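Quick notes on the structure that follows.
None of the figures in this text is laboratory data; all of them are computed from the coordinates on show. As the structure is a computational prediction, the values presented were derived from the model and not from experiment. Glycine gets a Cβ as well: all are built from the backbone with ideal geometry, and neighbour counts include every protein chain shown.
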Amino acid sequence: MYFATFISIDSFNNLNTLSRVSIIVTVYNRVAFLRAALTSALAQSLPPCEVLVIDDGSDTEQAAEIAAIVAEFDQVKLTRLERNGGVSAARNYGVGLATGDYLLFLDDDDLLEEHFLKGAVSYLEQHSTVDVFISKTTLFAERSSARFERLRRYYTYIQQRDHLKSASHPAYFLIYCPAIHSMVFRKGTFQQRRFPEDLTYGEDRYLLMHMRSEGVTFHSADVVGGKYRIHEQEPPLVARQLTFIQKLERSGWLRSPFEKAYLHLLEAYFLMKAGQWFKALGAGLYVLRSPRVMGKAVIAFVRSRF
């Protein structure tokens, strides 16, 4: 379902077309997809008040190419950071620059559906108690592959199963974490919070769980707001994944046995990928205390393969 069938045309027309949405686009040493991302940001039926590109300390040659692409768009502002600090630091810098009442974070290789901002802002302006609007995401790739089809099947299953559950559910952002660019945030949610700059994996999930622990409210809508690009090759992630697990364990936010069991399931999976079989076994034994978690994991695994 897309936004044209979600919100009536009348409610579109009642929106202030100058509703202030800041789109923050982060990029580092990659130019191949930036033009398409910016085009999708500016093609919104409710235009953003600004698009801020934060170049996270790209090398000189790539920085020049990024600047040339940004120069093609009059409405886009470019800021180049002196050093590479990671996507969280770049997003946080963008939050400090943003002048909008709402924020959307878009990676340089992802895309937005045309009516996403209009639908999300319309809902938020009609529901003042909701802080974050969450939509669905579709996966896409330059070319199909066995890996892409496996990821697509898995994500589609998890999204269909969990998306419309309340985000206040203890394990919502642990089991199913929507893509960051499929969300629109009230800027006030970042008044005292930022993306964790010590994480280079799971930073979105960690922030959302932090927000949930402090009473930020979410609405999950049965609409597609963004497209998430799957690359043929991804960098090694295991060490970064384990850092995320350890930081989340220390957070004190995981209170239910279900949450703790699912976190240990993730830990066991990451340890197996790292070849640390003894530690993986220890984490796996903890998961056995929760047959429900094991059952959900087995079903999701099977659905991703067939």
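Think of it as helices only: each DSSP H run of n ≥ 4 in the chain is worth -39500 (n - 2.57), and spread over all residues that comes to -13500 deg cm²/dmol at 222 nm. Out of every Cα-Cα pair that the stretch 147-306 contains, those further apart than 26 angstrom amount to 27 percent.
Residues of the stretch 162-176 falling in the label zone of Asp222, defined by backbone nitrogen less than 18 Å from a point 7 Å along Cα to beta-carbon, are 162-167. Per-residue 3J(HN,Hα) values for the stretch 283-290, derived from phi via the Karplus relation 6.51 cos²θ - 1.76 cosθ + 1.60 with θ = phi - 60°, read 5, x, 5, 5, 5, 4, 5, 10 Hz in sequence order (x marks Gly and Pro). Computed over the chain, the percent of Cα pairs more than 24 Å apart is 54. Amide H contacts of Leu106 (H built 1.01 Å from N, in plane; Pro and chain starts excluded): Ile24, Val25, Thr26 sit under 5 Å, all sequence-distant by 5 or more or on other chains.
Using the Cβ-Cβ distance between Lys279 and Glu234 with R0 set to 22 Å, the FRET efficiency from 1/(1 + (r/R0)^6) comes to roughly 0.45. The residues Arg250, Arg289, Arg205, when put in order of fewest to most other Cβ atoms within 10 Å, stand as Arg250, Arg289, Arg205. Once the Cα atoms are used to define both axes, helix 146-162 deviates from the longest principal axis of the chain by about 90 degrees.
Which FRET efficiency value, to the nearest 0.05, do you get for Val130 and Glu249 by plugging their Cβ-Cβ distance into 1/(1 + (r/R0)^6) with R0 = 41 Å? Approximately 0.85, to the nearest 0.05. Relative to the dominant Cα principal axis of the chain, helix 291-305 is inclined by about 60°. Normalised radius of gyration (Cα atoms, divided by 2.2 N^0.38 Å) for the stretch 131-214: 1.19. Our coupling estimate for the stretch 186-199, obtained by passing each phi through the Karplus curve with A = 6.51, B = -1.76, C = 1.60 and θ = phi - 60°, is 5, 4, x, 5, 9, 4, 10, 9, 8, 5, x, 7, 8, 10 Hz, Gly and Pro reported as x.
Both radii are taken from the alpha-carbon atoms of the stretch 33-181; with Rh as the Kirkwood radius, Rg/Rh is 0.98. Contact order normalised by length for the chain, with contacts defined as Cα pairs under 8 Å and 6 or more residues apart; what percent is it? With pairs under 8 Å counted, the relative contact order is 20 percent.
So, counting K/R as plus one and D/E as minus one, what does the shell of residues with Cβ under 14 Å around Gly85 add up to? Here the charged neighbours net out to -2.
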